[in-house]
Amino acid sequence: MDKNIIRYLEQELINQIAAGEVVERPASVVKELVENALDAQATKITVTIRQGGQSLIGVEDNGVGMAKEDLLLSVQRHTTSKLPSSDLWNIQHFGFRGEALAAISSIARVHIETGQAHESSGWCLVVEGESKIPPYPVSLFQGTRIQVKDLFYATPARLKFLRTPTVESQHILDVIEKISLMHPHVHIIVKGDKREKIYTAGSQENRLLSVLGEDFLQNSFFLSEEKDGYKIEGYVGIPTFNRSTSDKQFFYVNHRPVRDKILQHCLRMAFMDTVPKDRFPVAVLFITVPPEDVDVNVHPAKTEVRFRDTAHVRQFVLHALKQALFLHSHKVIPLSPKILEPIKHYTTSEIIYPTQSFHDRQRDVSSPTSFSLHETESPVLSIPLMEKTVTEKPSVHPSLSFVKHHEKIPFSPKEPAMDFGHALGQIQNAYIVAQSAMGLILIDPHAAHERILLEKLKKEWGQNIGVIQPFLLSLSFPLTESEHTTLHLHGESLKKYGFSYTVSSEEVCTLHAIPEIFKMHDPLFLFRHVLAVLHQEEGMLTAENFIEVLRNQLLGEWGCKKSIWLGKKLSLEEMNVLLRTMEKTPHIAQCNHGRPVYCVISVEDMGRLFHRR
Ligand code: ADP
Ligand code: MG
């Protein structure tokens, strides 16, 4: 009997195995081909799709093209023009693995035409699995046209995993959206089975407009921060502009679209108490890190990266997001244009901008310096009257101006102070009506008070970190393997926040105290819950972050119970004190549960309601 059972795989099989990793579905082919076009410096790319990409994916570009010899090499495995220095840590292109064209042509019928301006003719190559028709000349043009037909014909089992053409087309559009946001100066046309979508070359803001729509531009803010070679820049939707899925969260690391748990997590944490739990913020974030601090070669489709110092990235991104959110958290979504534009829908160039025409600055407020909205309850309810806010120009989203003038207007890092004007009254003992330079403001007093209390409690808690609630009798429990590892990783931080414990040589943990703020909770249950969540999140969550989550939940619930309820009659004086306090409260645009606190009807909006424009 032959003893040797190990054999070399055939080249075709090797390519098909590689294709299994690189080409998950038609959208993966589109991604690879469009990235190749971008690497070839194309300024115009046309993508054609038939049957969700299964029968045809065509990508045509006006890039540098290929010479005849390169064309032959391009479909071989491990052939690339993109790693001249063989340095995997200094990659300037999307591609570097040299396997996409080889992989794709092992599972589909591929037809490539390419031309270089200085040549006398273009060249065409046809590849179907192992068989290649030698390159033959075609009429000269500048760029490359690739047609991928009958995807997975060579590996029919994969066909069964394809979804309907509509679903696959949507995946393709998602891929193109993602890439297009990073390349606003490239003109991209997508010709689908039924529809055609054009991304016109232009500014970053115009591209955002095509991908995320005008609503996003109106309801987002620009963010930019740089430190020690790390940079984050991008656009983030305000908290009330949230969605039911995370599909509109775009992350780029060193110009590469990525799916990254750490970055997603940072966004979730930053919006923790301003977006409802089952909703997701919208964001387009470009992160740049020193090339030696990130490994881009961790995923065959290059959609993931690995950071050298994840804690540093997390801290940098989270801090930038929180800071920006803090500055812009007064913004709310304007009333639905559908309500406000009964006769006409304004096109992009006709957007009406809020102006300063309405200038009733006078407030007839003569309030005491402090009073309680609800005398009988906790002193927390006492809202100190803030000093009068200096009136500044109300905020106009910088992007609105971009859209109008097609040019970048410098972003001001400080959001103008809020001005809620003066209260006019209360509708059926519920919503407050106020008038300010912004126009007419409707306020939900319960939601406003909730946020005010939460921010006040958060501030107080920040000053009391580490205050503990010791037990008369210590509580012991045997540590599980994962609890032991988690304590090893997060023990120091947990101690800093007031969890005091010791571990015996028999792996028994004895809890002596927990943070004072959690004293109403079952201490053992709480401690083990914290350990379980930290373990489950596998380093995505720091102890500090999670305790902050718990704290916000607790304070939020407490604040909700203690807030004035909707339906309580308020005096004008009380309403005005509430307005002054709102002006000074961070994240006032939404309550602890992510519901809006107020909405504004500008004078321009009123003009539209009354058909005056
Ligand atoms: P990689 O992009 O990792 O190099 P690919 O298999 O995607 O690997 O492409 C192989 C090579 O073919 C590229 O390095 C490039 O030189 C060439 N190539 C592929 N597509 C194009 C294109 N659209 N325009 C010009 N050259 C291309
Ligand atoms: Mg490539």
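The values are calculated or read from the model by the stated rules, or taken from the named source; none is laboratory data. Since the model is a prediction, treat every value here as computed from it, not as a measurement. So basically every Cβ, Gly included, is an ideal-geometry build from the backbone, and we count neighbours across all protein chains shown.
In table form, for the structure just shown:
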item	result
Of the criteria (1) more than 29 Å from residue 201 (Cα to Cα); (2) acidic (Asp, Glu); (3) within 13 Å of ligand 2 (Cβ to nearest atom), which one residue 130 fails	(3)
Hits in the range 111-161 (condition: in contact with a Pro (Cβ under 8 Å, 6 or more places away or on another chain), surrounded by 16 or more Cβ atoms within 10 Å (Cβ to Cβ) and over 21 Å from residue 55 (Cβ atoms))	122, 123
Inter-residue pairs, beta-carbon under 7 Å, first within 15 Å of residue 554 (Cα to Cα) and in the range 512-532, second at pLDDT below 90 and aromatic (Phe, Trp, Tyr), 6+ apart	515/497; 517/461; 523/471; 526/518; 530/546
Index of the failed condition, residue 104 passing every other in (1) within 13 Å of ligand 2 (Cβ to nearest atom); (2) out of contact with any helix residue (DSSP H, G or I) (no Cβ under 9 Å at 6 or more places or on another chain); (3) over 30 Å from residue 203 (Cβ atoms)	(2)
Close pairs from the range 71-98: first free of Cβ contacts under 8 Å to residues at least 12 places away in the same chain, partner within 10 Å of ligand 1 (Cβ to nearest atom) and of a type in the set (Val, Ile, Thr), Cβ under 9 Å, at least 6 apart	73/79
Residues that are closer than 21 Å to residue 26 by Cβ, small (Gly, Ala, Ser) and surrounded by 17 or more Cβ atoms within 10 Å (Cβ to Cβ), drawn from the range 53-70	53, 58
Top-ranked residue of the range 32-47 - restricted to ones that are touching a strand residue (DSSP E or B) at 6+ places or on another chain (Cβ under 7 Å) and surrounded by fewer than 18 Cβ atoms within 10 Å (Cβ to Cβ), ranked as farthest from residue 164 (Cα to Cα)	43
Pick from the range 71-93, criterion within 7 Å of ligand 1 (Cβ to nearest atom) and either hydrophobic (A, V, I, L, M, F, W, C) or surrounded by fewer than 15 Cβ atoms within 10 Å (Cβ to Cβ) (or both), ranking: farthest from residue 288 (Cα to Cα)	79
Some residue of the range 426-445 being part of a helix (DSSP H, G or I), exposed (fewer than 15 other Cβ atoms within 10 Å of the Cβ) and either without any contact (Cβ under 8 Å) to a residue 60 or more places away in the chain or of a type in the set (Val, Ile, Thr) (or both)	no
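Quick grid of which residues meet (1) assigned to a helix (DSSP H, G or I); (2) at negative phi:
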| residue | (1), (2) |
| --- | --- |
| 485 | yes, yes |
| 494 | yes, yes |
| 506 | no, yes |
| 530 | yes, yes |
| 534 | yes, yes |
| 539 | no, no |
| 550 | yes, yes |
| 558 | yes, yes |
